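What follows is a short report on a single structure.
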Amino acid sequence: MRVWVWSVAVLVCVCWFDSSLCYPNGSVSISCESMIPVHLPYTANSSSPPYTLSASADTYRPGDSITVTLEVQDATLYFEGFFLQARSSSSPELWPVGKFKVINNNMFTSLTCNSKMNSAVSQANNTKRTKVVLTWEAPNNEKCGDVHFRATVVKSYSKFWLNVTSPSVKLERSPGAPPAVVSWSVLLFCSVSLLVHS
């Protein structure tokens, strides 16, 4: 009888431990910076990830909305979990960048990372997926520069990939001084220099 009670106790502990680390509901704020899931004793898969991450635009302006798509490369594949953020390509210390909006709470969990609400998204459950489409809103300033999207993708508890990354989305900076002004200034300087040395 005592052995049976201990067996049940161990089983309950293992089940609780596993579910608390796997976060099937996507509440993975503990991994905000590293984006590494706590799936002990497993580590990230070193093979090329069978997933792609893309953005609907190559450039953005402050406040723009961009569609972000995470999907499988082969229709026979799937993923059960993911963790997605935007990060600055030029200033890695600026993370995460922007925020996600119009989030379906039945499908996704929005997260507050580095005190920024809705700055990351993960799954709301461990349903098998082949594609995820989200809307990202750029910050209202230019300090982050070019950005890229980065995801951790989980196929199963023991198999996941880090740094699934989109191509950079370049910032369209506000125009500076008109080129004509610069050209005339240079021309005037050259003319004065010629007169002085003649």
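The values are calculated or read from the model by the stated rules, or taken from the named source; none is laboratory data. Predicted, not measured: the structure shown is a model, and the values here were computed from it. For neighbour counting, all protein chains shown are included, and Cβ atoms are generated from backbone atoms with ideal geometry for every residue, glycine included.
Restricting to segment 128-138, what's the tally of residues that are in contact with a Phe, Trp or Tyr (Cβ under 9 Å, 6 or more places away or on another chain) and either of a type outside the set (D, E, K, R) or surrounded by fewer than 14 Cβ atoms within 10 Å (Cβ to Cβ) (or both)?
The qualifying residues number 7.
Return yes or no: is residue 163 loosely packed, with under 15 Cβ neighbours inside 10 Å, in contact (Cβ under 8 Å) with a residue 12 or more places away in the chain and out of contact with any Leu (no Cβ under 7 Å at 6 or more places or on another chain)?
Spelling it out, residue 163 is indeed loosely packed, with under 15 Cβ neighbours inside 10 Å, in contact (Cβ under 8 Å) with a residue 12 or more places away in the chain and out of contact with any Leu (no Cβ under 7 Å at 6 or more places or on another chain).
Counting only residues that are assigned to a strand (DSSP E or B) and buried (at least 16 other Cβ atoms within 10 Å of the Cβ), how many does segment 53-76 have?
Number of matching residues: 8.
Could we say that residue 187 is of a type in the set (A, V, I, L, M) and at pLDDT below 50 here?
For residue 187, the condition - of a type in the set (A, V, I, L, M) and at pLDDT below 50 - is met.
Quick one: which residue in 21, 40, 11 is modelled with pLDDT under 95, in contact with a helix residue (DSSP H, G or I) (Cβ under 8 Å, 6 or more places away or on another chain) and not in a strand (DSSP E or B)?
From the options 21, 40, 11, the qualifying one is 40.
Would you mind listing the strands (runs of 3 or more DSSP E) fully within segment 99-164 where at least 1 residues are touching a Cys at 6+ places or on another chain (Cβ under 7 Å)?
108-113, 116-123
If I go through segment 107-123 residue by residue, how many of them are surrounded by fewer than 19 Cβ atoms within 10 Å (Cβ to Cβ), in contact (Cβ under 8 Å) with a residue 12 or more places away in the chain and not charged (D, E, K, R)?
Residues that pass the stated criteria total 5.
Of the numbered conditions (1) within 13 Å of residue 129 (Cβ to Cβ); (2) surrounded by 16 or more Cβ atoms within 10 Å (Cβ to Cβ), residue 104 satisfies every one except a single condition; which is it?
Going through (1) within 13 Å of residue 129 (Cβ to Cβ); (2) surrounded by 16 or more Cβ atoms within 10 Å (Cβ to Cβ) one by one, residue 104 breaks only (2).
Say we look at segment 31-51 and pick out the residues that are under 15 Å from the mean Cα position of the chain (by Cα) and surrounded by fewer than 13 Cβ atoms within 10 Å (Cβ to Cβ); which of these is nearest to residue 137 (Cα to Cα)?
Per the criteria, the residue is 33.
Identify the residue in segment 77-98 that is part of a strand (DSSP E or B) and of a type in the set (Phe, Trp, Tyr) and, among all such residues, is nearest to residue 148 (Cα to Cα).
83
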